[in-house]
1. How large is ³J(HN,Hα), in whole Hz, for each residue of the stretch 27-42 in order, when computed from phi with the Karplus curve 6.51 cos²θ - 1.76 cosθ + 1.60 and θ = phi - 60°, using x for Gly and Pro?
2. In terms of Cα to Cα distance under 24 Å, which lysines are near enough to Lys128, apart from those fewer than 8 places away along the same chain?
3. With every protein chain present, what accessible area does Ser43 have (1.4 Å probe, heavy atoms only), rounded to the nearest 10 Å²?
4. How much accessible area per residue does the stretch 100-142 have, counting only protein heavy atoms and a probe of 1.4 Å, in square angstrom?
5. So, counting K/R as plus one and D/E as minus one, what does the shell of residues with Cβ under 15 Å around Val21 add up to?
6. Starting from the amide H of Val107, placed 1.01 Å from N in the peptide plane, find each other amide H under 5 Å away whose residue is 5 or more places distant or on another chain.
7. How far apart, in nm, are two points set 7 Å out from the Cα along the Cα-to-Cβ line at Glu82 and at Ala20?
8. Please quote Rg/Rh for the stretch 72-142 to two decimal places, taking the Kirkwood radius as Rh and restricting both calculations to Cα atoms.
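The values are calculated or read from the model by the stated rules, or taken from the named source; none is laboratory data. Predicted, not measured: the structure shown is a model, and the values here were computed from it. Note: ideal-geometry Cβ built from the backbone for every residue, glycine included; neighbour counts use all protein chains shown. With ligands, DNA and RNA removed, areas are computed over all heavy atoms of the protein, side chains included. Shrake-Rupley method; radii C 1.70, N 1.55, O 1.52, S 1.80 Å.
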Amino acid sequence: MTTRYEAFNEMTFEAYCKKAVGNAIKKERSRKNARGKLELSFSALTDAALYVPSPEDGEINRAETNCRIFYVQDMKIPVYGEALGQALSWLLPKDRAIVLLCFFRQVKTDEIARRLKTSPDTVRRRRKSALRKLRDYLEAIP
């Protein structure tokens with residue numbers, strides 16, 4: 001009876017593995033198809049599309065405006081806005097890094113936690129506290 005039970009377990013496990021591998025293949029194919037719809041090859045682009053200014057070029061045009069640059073883990077993050085830059089410089093460095101990574105670089109909470117070597121809950125708590133401090137600081141400015 002145990003050999004019959006073992007054979008049944010083997011068949012069930014094999015079926016599970018086949019289904020899991022099949023689902024992983026389907027998921028990867030659909031991800032590649034979705035990515036392929038978003039991407040274009042260089043040969044498909046016209047000269048006009050190739051020479052359109054990029055978003056980074058906008059930073060060059062805005063260089064004359066008042067800009068404060070913050071460095072977070074070797075990333076240069078420009079902040080255009082005198083009051084916001086001043087308020088961010090008022091925060092603690094770790095809180096400032098969390099706010100800049102989250103809102104200026106759109107980095108997810110888990111990734112911020114990994115980069116700063118803290119837990120995601122700590123990142124959420126510090127971000128909430130920092131936003132409250134920023135709001136209070138900015139509301140106090142006449």
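1. Result, ordered by residue: 4, 5, 5, 5, 5, 5, 5, 4, 5, x, 5, 7, 9, 10, 7, 4 Hz.
2. Straight-line reach from Lys128, under 24 Å: Lys76, Lys94, Lys108, Lys117.
3. Surface accessible to solvent at Ser43 totals approximately 110 Å².
4. 72
5. For residues surrounding Val21, the net value is +3.
6. Answer set, sorted by chain and number: Cys102.
7. For the pair Glu82/Ala20, the computed spacing is 6.1 nm.
8. Dividing the radius of gyration by the Kirkwood radius yields 0.97.
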